[in-house]
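Reading through the structure tokens given below for one structure.
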Amino acid sequence: MAAQINLFRCLSDNFGVLLHDPQSGATAAIDAPEAAPVEAALAGSGWRLTDILVTHHHGDHTGGIVELKRRHACRVVAPRQEAARIALVDETVGEGDRVRVGALAGQVIDTPGHTAGHVSYFFAAEKLAFVGDTLFSIGCGRVIEGNAEMMWRSLLKLRDLPDDTRFYCGHEYTAANIRFAKTIEPHNKALATRAEEVARFLAAGRPTIPATIGAEKAANPFLRADVAEVVQSLGLAGSPAWKVFAEMRERKNRF
Ligand code: ZN
Ligand code: FE
């Protein structure tokens, strides 16, 4: 049976996600922004929490761990490089490691840049990726602990996932991301289509994720720093892609 997902809101603009394996009954929370909405989602779906897969150490991704672990005695999996900054870690992971949620098999992808040890989790058979604050729909995370070149490489790894991979990110930032993206690629048709879809979803009170990697490649300027239209728009012909990315990220920070 296919994996099931429960997506819900936490804190002011975070997403919480539960990944459930119906075969074994295992359920993982991807990050734990705060305990109460995770508990409500578990109660609503009748699932039992067995695992927490942490993408990075920021408080809005880890604040619920202690309470959830106390109530569910779940396993906490966290990036090796950040384990010392995350509470109650049972298992540390890095690039290429396997992670199981019941019968669901995931692999760990190092995606540093937002934080130095940030990881993403990719479940190939399910075509699901959990990317924390590295990739957002039509945007990407701020480069806080790493540098622009590091973040660009991380985004390239996610861009290389199969086009039909559905990805879940840490925040509902899509509408603001679209406003900025239009300043970079005002004539991008895929972006215009996505903007209409997002306006519709938000008006209906629906989340704008998951999105697919294939759709993002066409519309997200932060995955397009090596595409001619974007390079030209930024006036950076001849520059390496990571520098184009860096300039775009700087502009977004000021936007
Ligand atoms: Zn973060
Ligand atoms: Fe965050």
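The values are calculated or read from the model by the stated rules, or taken from the named source; none is laboratory data. Please read these numbers as outputs of a predicted model, since none were measured by experiment. Counting neighbours? That spans all protein chains shown, and the Cβs are built from the backbone with ideal geometry, glycine included. Protein only, heavy atoms only, side chains kept; ligands, DNA and RNA dropped before computing areas. Shrake-Rupley method; radii C 1.70, N 1.55, O 1.52, S 1.80 Å.
Kindly provide the pair-distance distribution of segment 167-223 built from C-alpha pairs, with 10 Å bins from 0 and whole-percent values in order of increasing distance.
The distribution over segment 167-223 is 23, 61, 15, given as percents.
Order Arg98, Arg200 by their accessible area, 1.4 angstrom probe, all chains in place, largest first.
Largest to smallest exposure gives the sequence Arg98, Arg200.
Residue by residue, what Karplus-based ³J(HN,Hα) values in Hz, rounded to whole numbers, does segment 161-178 have, using 6.51, -1.76 and 1.60 with θ = phi - 60° and x for Gly and Pro?
5, x, 4, 8, 5, 8, 10, 10, 10, x, 9, 8, 10, 4, 4, 5, 4, 5
If contacts are Cα pairs under 8 angstrom and at least 6 residues apart, what is the relative contact order of the chain in percent?
13
Considering only DSSP states other than H, G, I, E and B, which chymotrypsin sites (Phe, Trp or Tyr not before Pro) in segment 178-235 qualify as loop sites with at most 14 other Cβ atoms within 10 Å?
Working: sites: Phe180, Phe201, Phe222; in loops: none.
Within segment 178-235, no chymotrypsin sites (Phe, Trp or Tyr not before Pro) qualify (loop, at most 14 other Cβ atoms within 10 Å).
Kirkwood hydrodynamic radius, computed over distinct alpha-carbon pairs, for segment 4-254: how many Å, to one decimal?
On the way: mean 1/r = 0.0548 Å⁻¹.
The answer is 18.2 Å.
Quick check: net charge around Thr111, other residues with Cβ under 14 Å of its Cβ, Lys/Arg +1 and Asp/Glu -1?
Values: positive: Arg80, Arg142, Arg153, Lys157, Arg159; negative: Asp31, Glu82, Glu95, Asp97, Asp110, Asp133, Glu145, Glu149, Asp160.
Around Thr111, the charge tally is -4.
Once you have the Cα-Cα distance between Ala176 and Glu91, take 0.36 nm times their residue separation minus that, and quote the gain in nm to one decimal.
27.0 nm is the gain from fully extending Ala176 to Glu91.
Can you give the % of DSSP beta bridges in segment 1-92 that are antiparallel, to the nearest 5?
Numbers: 11 of 19 bridges.
Taking every DSSP beta bridge with both residues in segment 1-92, the antiparallel ones total about 60 percent.
Round to the nearest 0.05 the FRET efficiency obtained for Ala203 and Ala84 when R0 = 51 Å and r is the Cβ-Cβ distance.
0.70
In square angstrom, what is the accessible area per residue of the chain with a 1.4 angstrom probe?
42
Tell me which lysines have Cα within less than 16 Å of Lys182's Cα, excluding those fewer than 8 residues away on the same chain?
Lys217, Lys252
Per residue, what volume in Å³ does the convex hull of the Cα atoms of segment 83-153 enclose?
Taking only Cα atoms, segment 83-153 has a hull volume of 103 Å³ per residue.
In segment 4-254, what % of DSSP beta bridges are antiparallel (nearest 5)?
Of all bridge pairs located within segment 4-254, approximately 70 percent are antiparallel.
Given only helices, namely DSSP H runs of n ≥ 4 each adding -39500 (n - 2.57), what is the per-residue ellipticity at 222 nm of the chain, to the nearest 500 deg cm²/dmol?
Taken over the chain, the calculation gives -10000 deg cm²/dmol.
Can you give the extra length, in nm with one decimal, that the chain gains between Asn253 and Asp13 once fully stretched, where that is 0.36 nm per residue apart less the Cα-Cα distance?
Full extension of this stretch gives 84.6 nm more.
Just grab the label-to-label distance for Lys217 and Arg48, each label 7 Å out from Cα along the Cβ direction, in nm (one decimal).
4.1
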